[in-house]
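Right, one structure below, let's go through it.
The values are calculated or read from the model by the stated rules, or taken from the named source; none is laboratory data. Quantities reported herein were computed from a predicted structural model and do not represent experimental measurements. Positions of Cβ are backbone-derived with ideal geometry, glycine not excepted, and every protein chain shown enters the neighbour counts. Side chains included, ligands, DNA and RNA excluded: accessible areas come from the protein's heavy atoms. Shrake-Rupley method; radii C 1.70, N 1.55, O 1.52, S 1.80 Å.
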Amino acid sequence: SLASTAITCFTRGLDLRKGTEDVLCPANCPLWQFYVFGDGVYASLSSVCGAAIHRGVITNAGGAVRVQTLPGQENYPAVNANGIQSQVLSRWASSFSVTAGTKNTALEAVGRSVSTARPSTGKRPKKTLDKKAGNKDCKADIAFLIDGSYNIGQRRFNLQKNFVGKVAVMLGIGTEGPHVGVVQASEHPKIEFYLKNFTAAKEVLFAIKELGFRGGNSNTGKALKHTAQKFFSLENGARKGIPKIIVVFLDGWPSDDLEEAGIVAREFGVNVFIVSVAKPTTEELGMVQDIGFVDKAVCRNNGFFSYQMPTWFGTTKYVKPLVQKLCSHEQMLCSKTCYNSVNIGFLIDGSSSVGESNFRLVLEFVSNVAKAFEISDIGSKVAAVQFTYDQRTEFSFTDHITKEKVLSAIRNIRYMSGGTATGDAISFTTRNVFGPVKDGPNKNFLIVLTDGQSYDDVRGPAAAAQKAGITVFSVGVAWAPLDDLKDMASEPRESHTFFTREFTGLEQMVPDIIRGICKDFLDSKQ
């Protein structure tokens, strides 16, 4: 037949439908990407173009190949030929052979333009420059957490690598496209390569091909926690404002618990996907620590973040739908974290009972809390108001959009000295500082710091602030009455009220305040 089908480097025998088919292989397929099983008679799991080069029917310049479907057989041998090492396979349901196809130059040219060695999700790159940039429509920093446990075994581990390679290629990796790295989960996690190591699909594929199988228990929870905490640092190549994603591949089920790791990942703003292959059968479920392991680990239990494949064989059709998920950044609900999506207003008591040196300790406390957050024009924001009988906005949420500027503004706050009207100050702050941002995307928090009894009512203004969507933490020092502190704090009051006898005790509260803000943030998102 004249109508040759243009295929890609990845097309396998089992992807072809006819008994005899004429196909066109593209040029310049990377030889080490090929999975070929057998010699002369190839298992249909093999790459067609790989088999054709192995057999000597074409070279790496591509060309026409005729593929003939054959019955399955046992013991496909491993033979090294023409730069390709074929692999052993003990049995497979169908096979194929390859012979030289009919050369039809017109068609071959068409074949070339349709078929590209690098399937990309967007438009086909026109210039070499674009190819370097990658798929700009797909914004993602991705860690593939692959299963290197005894559960999966060497052979399925290789098929897993093959699948991850196809996903990496189709993502359209490039300087301005997605960046990927790989972590292997086994007894202990091992970061194989980071986001910054490669920015071209070719290099990534080579690195994946070179990965060695580790073996051991599938301590996926341990690996997920390690990856969420260590992998996405700026020095390892994570990019600001780009969604962080971990794709966990699980063959069977984990040996350890995923729940805590899932919480850590969400706290760190990482979107966790789970690709489960060969789900536990009913008989095996008894060996699984926690049957709901997928739901507890994924970013949101809404169906979007879990993905199932029945086996590691014939996974090509699963590549594109997974890539489409990984590239839909508006669905990455976990990218918003307490660290990058809050507005924190500090209301600072400047009354005369505080005194200059204690006032410095208060400012240090404010700095240490602010320091924990990712302050930027698209991230978290900080504002400060000092009060006596009067109120003074030291700086508003829009005044400083970098952490350095915020910290320097806090250091430069001058102590006022005077009376204490906390209720008035809360009303002032709700109206003037939080008013302008009330319809913004960030969650609002107010931290009230006081060292004494207020001359006015605090309960009414605090209730109004909470009604306006502001979560209130009260921090009392020295003579601040506990009743006032509790009246100001949001529910549950116990976890939003803090007290210390001495100003030096403020320092110990910093981690608890930060944790409290994060907990409220996560609870509001469920």
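When the criteria are applied in full, Asn217 fails the requirement of being open to solvent by 10 Å² or more (accessible area, probe 1.4 Å), in a helix (DSSP H, G or I) and touching a residue at least 24 places away in the same chain (Cβ under 8 Å). From the list Leu326, Leu322, Leu363, Leu333, the lone residue that is surrounded by fewer than 16 Cβ atoms within 10 Å (Cβ to Cβ), in contact with a strand residue (DSSP E or B) (Cβ under 9 Å, 6 or more places away or on another chain) and of a type in the set (A, V, I, L, M) is Leu333. For Thr430, the criteria (1) of a type outside the set (Asp, Glu); (2) more than 19 Å from Val382 (Cβ to Cβ); (3) under 38 Å from the mean Cα position of the chain (by Cα) hold in every case but one, which is (2). Every residue in region 181-214 that is part of a helix (DSSP H, G or I), surrounded by fewer than 21 Cβ atoms within 10 Å (Cβ to Cβ) and out of contact with any Pro (no Cβ under 8 Å at 6 or more places or on another chain), please. Once the filter is applied, which keeps residues that are part of a helix (DSSP H, G or I), surrounded by fewer than 21 Cβ atoms within 10 Å (Cβ to Cβ) and out of contact with any Pro (no Cβ under 8 Å at 6 or more places or on another chain), region 181-214 yields Glu203, Ala207, Lys209. Of the residues Asn75, Asn28, the single one that is within 23 Å of Ala207 (Cβ to Cβ) and either open to solvent by 10 Å² or more (accessible area, probe 1.4 Å) or touching a helix residue (DSSP H, G or I) at 6+ places or on another chain (Cβ under 8 Å) (or both) is Asn28. Among the numbered conditions (1) in contact with a strand residue (DSSP E or B) (Cβ under 8 Å, 6 or more places away or on another chain); (2) surrounded by fewer than 24 Cβ atoms within 10 Å (Cβ to Cβ), the only one that Phe144 does not meet is (2).
For region 5-25, the count of residues that are assigned to a strand (DSSP E or B), of a type outside the set (S, T, N, Q) and at pLDDT below 85 is at least one.
Here are Ser90, Ser97: which of them is open to solvent by 50 Å² or more (accessible area, probe 1.4 Å) and touching a strand residue (DSSP E or B) at 6+ places or on another chain (Cβ under 9 Å)?
After applying the criteria, what remains is Ser90.
Of the strands (runs of 3 or more DSSP E) entirely within region 306-416, those holding at least 1 residues that are at pLDDT 95 or above occupy 342-349, 381-387, 391-395. Answer yes or no as to whether Thr398 is surrounded by fewer than 19 Cβ atoms within 10 Å (Cβ to Cβ) and in contact with a Pro (Cβ under 9 Å, 6 or more places away or on another chain). Yes: the conditions hold for Thr398. Of all residues in region 183-211, those that are without any contact (Cβ under 8 Å) to a residue 24 or more places away in the chain have Cβ atoms under 6 Å from Cβ atoms of residues that are assigned to a helix (DSSP H, G or I) and crowded, with 16+ Cβ neighbours inside 10 Å, 6 or more apart or on another chain, in Phe193/Ala207.
Give region 411-422 a look and list any residue that's in contact (Cβ under 8 Å) with a residue 40 or more places away in the chain and surrounded by fewer than 22 Cβ atoms within 10 Å (Cβ to Cβ), or say none.
Of everything in region 411-422, those that are in contact (Cβ under 8 Å) with a residue 40 or more places away in the chain and surrounded by fewer than 22 Cβ atoms within 10 Å (Cβ to Cβ) turn out to be Arg411, Ile413, Tyr415, Met416, Ser417, Gly418, Gly419.
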